[in-house]
Amino acid sequence: MSRLVALVVFTFALAPAARADWPEFRGPTAQGHASGTGLPTEWAEDKNVAWKVPIPGKGWSSPVVVAGKIFLTTAVPQGPEKNADQSLRTLCLDSKTGAVVWDKEVFSQDGKTAPGIHAKNSHASPTPFIDGDHVYVHFGHQGTACLIAKTGEVVWTNRELKYAPVHGNGGSPVVWNGKLYFCIDGPGRRELVALDKVTGKVVWVAKRSQPAKKAFSFGTPLVVTFDKTTMIVAPGSDVVNGFDAETGAEIWAITYDGYSLVPRPVFGHGMLFMSTGFDTAWLLAIKLVPDGGKVTATVAWRTKQDAPHDPSPLLVSDELYTVSDSGIVTCFDAKSGKVHFRERVPGAYTSAPVFANGHIYLQNETGTASVIKAGKTFELVATNKLDGRVQASYAADGNAWLIRTDKFLYKIAAK
């Protein structure tokens, strides 16, 4: 990526994220729900595209947006060779025009010594997190950083937490109550890390006590408050743990057979819904149970039929929706696991589905989006196509969608 200077000088204070903003992976509630009532259901290269801007380099992080400013990360090779050094960068774009406000190199990665990545991965796959006037970016084993949202100035970096990844990085960071959390799941190091969000220093490290046969995953934590207990739910290889958000003490653990886990859990009805990764994915409904001032967990129901390996589940009221990597959409009764419908949509899937204004939005890897009506019966509303490959997930900017392809960022808004 060219080392662009700021094209726009602006003065604004990023307020705490409103529901119309999208400050982290899967939005303001981390559940994949967008609040805009005018979000379009139809688009194409020549329809409802407000703007389309090139994003140099490669990155599968999803965009985030607060107060009219969009942030995303990318990795830009510094040469044509396969093992070229990578410039790991963060960009800020103006939501109205798509103009680049600033473009900052956060880390430089030595391509000759960096571990290889999976063909579907990138060196910039974790999604940023916006908190107040700061944007937090994470590049897995390459490091974590805090930047000033207005200017891109780096406040702190942390590259202490070295580990040997398998297939690269993936899990996104989460900020809550003064701490930044992320999972490390690689051979020899399996833990949830809490950093001080102001200084970047390690506050605590919660190690997974359960063994794993293949100790690599790409889980994104979820903050859950249940029965007056706030916990960080941290999915990983062969286990999902609930850790105390303040101390890192383990509260509960559920084990399974699964590795290379990607989907982020969702929470509702006192239950967590998650998928367990490879080789055979299982969809688990984990019920949290009050137990004399403590919290325990048990599996309420499970299924392996068309459970996703990559796309996260989506909970809307009493219905749980999943899309498998091969394009099977299933609607479950969330409490019982009863199947309301199971239907195929075109293509292969990595991106997480989202819900907005009575519709479920799906996005396949070749740029085709299927929009279905939310409910217990399958009803296809629209099929939309953009050019390029898509593995990033949707972000909502008020009444517009942000969609990242392998080469462009699109703003989709009804005209």
If packing is taken as the mean number of other Cβ atoms within 10 Å per residue, what is the order of 46-53, 24-31, highest first? 24-31, 46-53
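Explain nothing, just the number: relative contact order of the chain, from Cα pairs under 8 Å at least 6 residues apart, as a whole percent.
Details: 1217 pairs, mean separation 62.8, N = 415.
Relative contact order, the chain: 15 percent.
State the percentage of accessible surface on the stretch 339-395 attributable to carbon and sulfur atoms; use a 1.4 Å probe and exclude ligands, DNA and RNA. Provide the component values of the computation, followed by the final result.
Values: 1020 of 2050 Å².
Carbon with sulfur: 50 percent of the solvent-accessible area.
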At 1.306 mPa s and 10 °C, plugging the Kirkwood radius over alpha-carbon pairs of the stretch 34-127 into Stokes-Einstein gives what diffusion coefficient in µm²/s? 105
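How big is the dipole moment of the chain about its Cα centre under a simple scheme where the beta carbon of each Lys and Arg is +1, that of each Asp and Glu is -1, and everything else is neutral? Debye, nearest 20, please. Mind dumping the intermediate values first?
On the way: 43 positive and 38 negative charges, 35 e Å.
Dipole of the chain, to the nearest 20 debye: 160 debye.
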In terms of the charge dipole of the chain, which places +1 on Lys and Arg and -1 on Asp and Glu at the beta carbon, the residue among G27, W282, V175 farthest towards the positive end is W282
Using the heavy atoms of the protein chains alone and a 1.4 angstrom probe, what is the accessible area of the chain per residue in square angstrom? 37
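Return the carbon/sulfur percentage of the accessible area of the stretch 247-328, one whole number, probe 1.4 Å, all protein chains in place. Don't skip to the answer; put the middle values down first.
Details: 1400 of 2880 Å².
For the stretch 247-328, the apolar C and S fraction of the accessible surface comes to 48 percent.
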For the chain, report the % of Cα-Cα distances exceeding 36 Å. 18
By average C-beta atoms within 10 angstrom, highest first, the peptides 211-217, 352-358, 294-300: 352-358, 211-217, 294-300
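The values are calculated or read from the model by the stated rules, or taken from the named source; none is laboratory data. What you see is a predicted model, and the numbers here were worked out from it, not measured in a lab. Reconstructed Cβ throughout: ideal geometry from the backbone, glycine too, with neighbour counts over all protein chains shown. Just so you know, the surface numbers come from the protein's heavy atoms only, side chains and all, with ligands and any DNA or RNA stripped out. Shrake-Rupley method; radii C 1.70, N 1.55, O 1.52, S 1.80 Å.
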